[in-house]
Each structure stands twice: as structure tokens, then as C-alpha cells.
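Asker: Mind looking over this structure? Questions follow.
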Amino acid sequence: MSIVRRYSFEAAHKLEWHTGKCRELHGHGYVLEVELAGQLDERGVVMDFDDLDKIVKTEVLARLDHRFLNEVVNNPTAELVACQIAEWLDAAGTMWSELRLWETERGSVVLRRQS
Ligand SMILES: [Zn+2]
């Protein structure tokens with residue numbers, strides 16, 4: 001079974017290599033979905049949502065919300081921001097199974113843990 005929790009943050013970035021308008025400084029309302037797969041524990045949950053919230057707030061949102069992403073991630077495409085989020089969660093020992101980062105209403109990237 002897996003649980004999915006959704007978070008959001010606002011951030012700015014620009015993509016130096018882009019030939020269109022994404023080259024200019026602009027912002028997004030990002031939505032991050034964190035999925036964790038596992039067995040149910042004796043309480044009947046994969047992981048307490050509150051425990052996941054604490055980790056994501058500390059490890060991810062505190063580093064990205066209302067930030068200029070180019071100062072945090074080199075070349076902050078949605079793909080590379082998702083990879084950075086995965087690294088932070090890994091370092092915190094969170095066994096996420098899938099991360100989805102929505103950059104716009106219609107566009108998202110998905111990172112699946114290779115097992
Ligand atoms: Zn953008």
C-alpha cells in the first residue's frame with residue numbers, strides 16, 4: 001500500500017539555456033506529491049501524515065518556499081529540482097517511492113525510486 005501527501009510552495013527561477021520566455025525571471029506555484037510505499041504498521045498506517053509533514057517542511061519547503069531556485073539548484077528545471085528534493089529526503093532517511101513535482105497546472109515531472 002502507499003500513501004500520497006501533497007505540498008505546495010512558491011518560488012522563482014529562470015532557465016539560462018531556454019530560448020523562449022522561461023529564460024526570463026518568473027515564478028511558479030509548485031505542487032509536490034510525495035508517495036511512500038510500505039507495509040501497514042501496528043497502528044494501521046504506512047506512515048503518520050504528521051511525521052511526513054515534519055520532514056518535508058524541514059527538508060524541502062524550508063529550502064525552497066519563496067526562494068530564487070537558481071541560488072539553490074544549478075539550472076533549476078522541474079526535473080533537477082525534483083532530483084534535489086529526492087536527495088534531501090534520502091538524506092533524512094525518508095523512503096519515498098515516487099515524487100511528482102507540478103510546475104504548472106498541466107506540467108509535472110515524476111521520479112520513481114529504482115528498486
Ligand atoms: Zn519556469
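Asker: Give me the Kirkwood hydrodynamic radius of the chain, using the inverse of the mean 1/r over all pairs of distinct Cα atoms, in Å to one decimal.
Answerer: Values: mean 1/r = 0.0676 Å⁻¹.
Taking the inverse mean of 1/r over all distinct Cα pairs, the chain comes out at 14.8 Å.
Asker: Using the Cα centre as the reference, give the magnitude of the dipole from point charges on the C-beta atoms of the chain (Lys, Arg: +1; Asp, Glu: -1; all else neutral), rounded to the nearest 20 debye. Write down the numbers at each step before the final one.
Answerer: Values: 14 positive and 20 negative charges, 73 e Å.
About 340 debye.
Asker: Could you name the aspartates and glutamates in cross-link range of Lys54, using Cα to Cα under 20 Å and dropping any fewer than eight places away on the same chain?
Answerer: The reachable aspartates and glutamates, counting only those whose Cα sits under 20 Å from Lys54, are Glu10, Glu33, Glu35, Asp41, Asp65, Glu87, Asp90, Glu98.
Asker: Within a Cβ distance under 10 Å of Asp90, other residues only, what is the Lys/Arg minus Asp/Glu net charge?
Answerer: Numbers: positive: Arg113; negative: Glu59, Glu87.
Value of the local net charge: -1.
Asker: Step by step: find N for region 75-115, compute 2.2 N^0.38 Å, then divide the Cα radius of gyration by it. What's the final number?
Answerer: Values: Rg = 10.5 Å, N = 41, 2.2 N^0.38 = 9.0 Å.
With N residues counted in region 75-115, Rg over 2.2 N^0.38 Å equals 1.16.
Asker: With θ set to phi - 60°, apply the Karplus curve 6.51 cos²θ - 1.76 cosθ + 1.60 along region 84-94 and write out the HN-Hα couplings as whole Hz, x wherever there is a Gly or Pro.
Answerer: Per-residue couplings from phi come out as 5, 4, 4, 4, 5, 5, 4, 5, 8, x, 8 Hz.
Every read-out reported here was derived from the displayed coordinates using simple, explicitly stated rules and does not represent laboratory data. Note that the coordinates shown come from a computational prediction; the quantities given were computed from them, not determined experimentally. Positions of Cβ are backbone-derived with ideal geometry, glycine not excepted, and every protein chain shown enters the neighbour counts.
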